[in-house]
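The values are calculated or read from the model by the stated rules, or taken from the named source; none is laboratory data. In this text the structure is predicted, and so the values were computed from the model without any measurement. Methodologically, a virtual Cβ is constructed for each residue, glycine included, from the backbone with ideal geometry; neighbour enumeration extends over all protein chains shown.
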Amino acid sequence: MKTRTVARLTFTHLFIITLGLLMVYPVVWMIVSSFKPNNMIFSDPGLIPKAVTIENYITGWKGYAGVTFGKFFINSLLMCAGAVLGNLIACTMAAYAFARLKFVGRKFWFAIMMVTLMLPGHVTIVPRYILFNTFGWVGSYLPIIVPKFLATDAFFVFLLVQFMRSLPKEMEEAAIIDGCGKTGVLLRIIVPLATPALVTTALFTFLWTWDDFFNHLLYLTNPQIFSVSRALRTFIGDSGAVANWGGALAMSTLSLLPPFILFFALQKYFVAGITTTGIKG
């Protein structure tokens, strides 16, 4: 019996390791290939390059239309910072209202919010574009940042609601007895206790905004405000083929650094936010 258990665990771990290696291989190949000469990327597909060069990073960093990738990185970071700030403020207030305040139609509006999670985002592309174009926002960051300040990401509202419902009400009641109002309870009690969920919200918002391509392609029309994901599209020529594979792979490799750094720096809070969410329904 013990032998079977050991064999089963060994097989399970080998399967997981193999699956993990298959998932990581494309990323490793991209990183290694970014240091290969352009003419050897596909003629030498192995993970051990026969020749190493940093020319791809030099040519790729030059960017597009006279704008370097340094500018694209700054644009993405500023846009992500605005999106994170908007979601933290708006989603926290909306979640606090649904989790703690009592008002007419609370359950109905919460159900409506949950229904929007099932609505494919592509369904609203045309009306959103018409609306933002009417406002004169196309060609700026406003279509990407402003909706975040209106708590339009129902997933984060739901995540924060579930976390706040798991917090003990005794602390909140004690604060109210001491003369603390609803705003004070939110800022002094709820927000500090909900730090793991807030960090999770910030991390996901950053990653989704950083990795977003479709909305950036749709609304960012000026090279001066291109994000990294939008700028990577410029390596594809009019014929649909990549004109500079080395530069594209090099800049794609650099684009992985901010998400990786942020994720590993906040991993402790991220895990706590995920594992403690949903304790109470």
request  = Please find, within the stretch 151-170, the residue that is nearest to the chain's Cα centre (by Cα) out of those that are of a type outside the set (A, V, I, L, M, F, W, C) and assigned to a helix (DSSP H, G or I).
outcome  = Gln162
note = (1) assigned to a helix (DSSP H, G or I); (2) crowded, with 18+ Cβ neighbours inside 10 Å; (3) in contact with a Leu (Cβ under 9 Å, 6 or more places away or on another chain) all hold for Ser76 apart from (3)
query = Does Tyr96 satisfy being touching a Leu at 6+ places or on another chain (Cβ under 8 Å) and aromatic (Phe, Trp, Tyr)?
reply = yes
Sole residue being in contact (Cβ under 8 Å) with a residue 12 or more places away in the chain, hydroxyl-bearing (Ser, Thr, Tyr) and out of contact with any Phe, Trp or Tyr (no Cβ under 8 Å at 6 or more places or on another chain), chosen from Thr201, Thr195, Thr221, Thr205 = Thr221
ask   = If you go through the stretch 58-73 one residue at a time, do you hit one that is modelled with pLDDT of 85 or more, assigned to a helix (DSSP H, G or I), among the aliphatic types (A, V, I, L, M) and surrounded by 11 or more Cβ atoms within 10 Å (Cβ to Cβ)?
value = yes
Residue that is nearest to the chain's Cα centre (by Cα) [pool: residues in the stretch 107-131 that are of a type outside the set (Val, Ile, Thr), farther than 17 Å from Ala151 by Cα and surrounded by 10 or more Cβ atoms within 10 Å (Cβ to Cβ)] = Tyr129
ask   = Can you tell me which of Val104, Val6 is under 30 Å from Leu150 (Cα atoms) and either part of a loop (DSSP other than H, G, I, E, B) or at pLDDT below 90 (or both)?
value = Val104
remark   = Flagged in the stretch 170-222 as farther than 30 Å from Thr68 by Cα, buried (at least 16 other Cβ atoms within 10 Å of the Cβ) and polar (S, T, N, Q), in numbering order, are Thr200, Thr201
task = Hey, can you tell me all the residues within the stretch 132-152 that are of a type in the set (A, V, I, L, M) and either closer than 19 Å to Trp208 by Cβ or loosely packed, with under 12 Cβ neighbours inside 10 Å (or both)?
result = Leu142, Ile144, Ile145, Val146, Leu150, Ala151
remark   = Selection from the stretch 132-148 of residues within 22 Å of the chain's Cα centre (by Cα) and not β-branched (Val, Ile, Thr) yields Gly139, Ser140, Tyr141, Leu142, Pro143, Pro147, Lys148
remark   = Scanning the stretch 17-57 for residues that are part of a loop (DSSP other than H, G, I, E, B), within 21 Å of Leu232 (Cβ to Cβ) and not charged (D, E, K, R) gives Ser34, Phe35, Pro37, Ile41, Phe42, Thr53, Ile54
request  = Might you check whether a residue that is surrounded by fewer than 19 Cβ atoms within 10 Å (Cβ to Cβ) and at pLDDT 90 or above occurs anywhere in the stretch 223-237?
outcome  = yes
query = Name the residues in the stretch 157-199 that are small (Gly, Ala, Ser), in contact with a helix residue (DSSP H, G or I) (Cβ under 6 Å, 6 or more places away or on another chain) and within 24 Å of Met113 (Cα to Cα), would you?
reply = Ala194, Ala197
inquiry  = Take Phe214 and tell me if it is modelled with pLDDT of 85 or more, more than 23 Å from Asn87 (Cβ to Cβ) and in contact with a helix residue (DSSP H, G or I) (Cβ under 9 Å, 6 or more places away or on another chain).
reply    = no
